[in-house]
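Enquirer: Right, I'll just put the structure down here and ask away after.
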Amino acid sequence: MQDAVWFYGVISLAALLVGASKGGLPIVGVLSVPVMAQVMPPVAAAAMLLPVYIVSDVVGLWAYRKQYDRRNLIILLPAMVFGVGVGWATAHVTQEWMVTLLIGVIGLFYCATAVMKRKDAAPKPADVPRGLFWGTVTGFTSFVSHTGGPPYQMYVLPQKLEKMVFAGTSTIAFAIINMVKVVPYWALGQFNPGNLKLAALLSPVAIAGALLGYRLTAIIPEKLFFRFVEVALFLLSLKLIYGALLQ
């Protein structure tokens, strides 16, 4: 009985984090796979969470239907889809620990540059070369381990978008990529009736998390919101590096 309570409590927390990320708190969703990995293998956790991501994406798409940056989506989405394709094509040879280490290093590099950067530095434009590069890295890492957040933020955070536009652009970009990932995940045999049933049970929790995340994003002061994103990115990067080095 206690094991069942622990199991369902852990996976429900993971679903809540997924939903909150779709509501506008982008970094917390990356914690969902590590949380769920406490009760199942990480690969199975990532596959089971994908349908939960997609269900909560519907709430995020509706909430941010008028708050997003069109230029960023035009630049990033083709590159992200290409990155998913690279992840699919190399799935059998990719060492997940190496990808995890790379993501952690990217996140720490951004945090270091953010600390050293002048506070009054001008926003960087949404330029095509950087967008194509970081979009490809985002799609690849998102496919491998649902950890596309750090490379995505490496490109978007320096643009200093308005808080709700940043959240909306992130939500829409990852919602589309999650739908793209369904076919390769299915082709790799990552779905089965058991994990799809669990995903269905978790969907209401994820929807509640998305609504909560949107509400929190709307009321958190803008400076505090981006400071939260940067601190969370720093802590997550440390965790990813630590986990990769232990494997």
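Each value in this text was obtained by applying a stated rule to the coordinates, not by laboratory testing. Just so it is clear, the structure is predicted and the values come from calculations on it, not from any experiment. So basically every Cβ, Gly included, is an ideal-geometry build from the backbone, and we count neighbours across all protein chains shown.
Enquirer: Taking 24 Å as the cut-off for C-alpha to C-alpha distance, list the pairs among LYS66/LYS239; LYS124/LYS181; LYS66/LYS223 that go past it.
Expert: Pairs exceeding the cut-off: LYS66/LYS239; LYS124/LYS181.
Enquirer: Report, in whole Å, the centroid distance computed from the Cα atoms of the stretch 149-201 and the stretch 213-247.
Expert: 16
Enquirer: Please give the peptides 142-155, 100-113, 217-230 ranked by average Cβ packing (other Cβ atoms within 10 Å per residue), highest first, as a rough proxy for protection.
Expert: Peptide ranking by packing, descending: 142-155, 100-113, 217-230.
Enquirer: Taking N as the number of residues in the chain, what value does Rg over Cα atoms divided by 2.2 N^0.38 Å take?
Expert: Against the empirical 2.2 N^0.38 Å value, I get 0.95 for the chain.
Enquirer: What are the ³J(HN,Hα) values, in whole Hz, obtained from phi via the Karplus relation 6.51 cos²θ - 1.76 cosθ + 1.60 with θ = phi - 60°, for each residue of the stretch 199-214 in sequence order, with x given for Gly and Pro?
Expert: Ordered by residue, 3J(HN,Hα) equals 4, 5, 5, 7, 4, x, 5, 5, 5, 4, x, 5, 5, 5, x, 5 Hz.
Enquirer: Turning to a different aspect of this structure: With a bin width of 5 angstrom, please list the P(r) values of the stretch 87-179 as percents of all Cα-Cα pairs, from the 0 bin to the one holding the largest distance.
Expert: All Cα pairs considered, the percentages come to 2, 12, 22, 24, 20, 11, 5, 2, 0, 0.
Enquirer: So, one more: Let me check I've understood the local charge: for ILE54, count other residues with C-beta under 15 angstrom from its C-beta, Lys and Arg +1, Asp and Glu -1. What total comes out?
Expert: Around ILE54, the charge tally is +1.
Enquirer: Local charge sum around LEU31 (other residues, Cβ-Cβ under 15 Å, Lys/Arg +1, Asp/Glu -1)?
Expert: Summing Lys and Arg as +1 and Asp and Glu as -1 gives +2.
Enquirer: In percent, how large is the relative contact order of the chain, given Cα pairs closer than 8 Å and 6 or more residues apart?
Expert: It comes to 39 percent, rounded to a whole number.
Enquirer: While we're here: So between ALA4 and TYR242, what do we pick up on full extension, going 0.36 nm a residue minus the alpha carbon distance?
Expert: Contour length minus the Cα-Cα distance gives 82.8 nm.
Enquirer: Considering the options LEU161, GLY131, MET116, tell which one lies farthest towards the positive end of the dipole of the stretch 108-166, charges being +1 on Lys and Arg and -1 on Asp and Glu at the Cβ, about the Cα centre.
Expert: MET116
Enquirer: Once amide H atoms are built 1.01 Å from N in the peptide plane, which residues 5 or more positions from GLY148, or in another chain, come under 5 Å H to H?
Expert: Amide H to amide H, under 5 Å and 5 or more residues apart or across chains, GLY148 pairs with SER142.
Enquirer: Using the basic label-point model (7 angstrom from Cα toward the beta carbon), what is the VAL231 to MET116 distance in nanometres?
Expert: My value for the distance between the label points is 2.4 nm.
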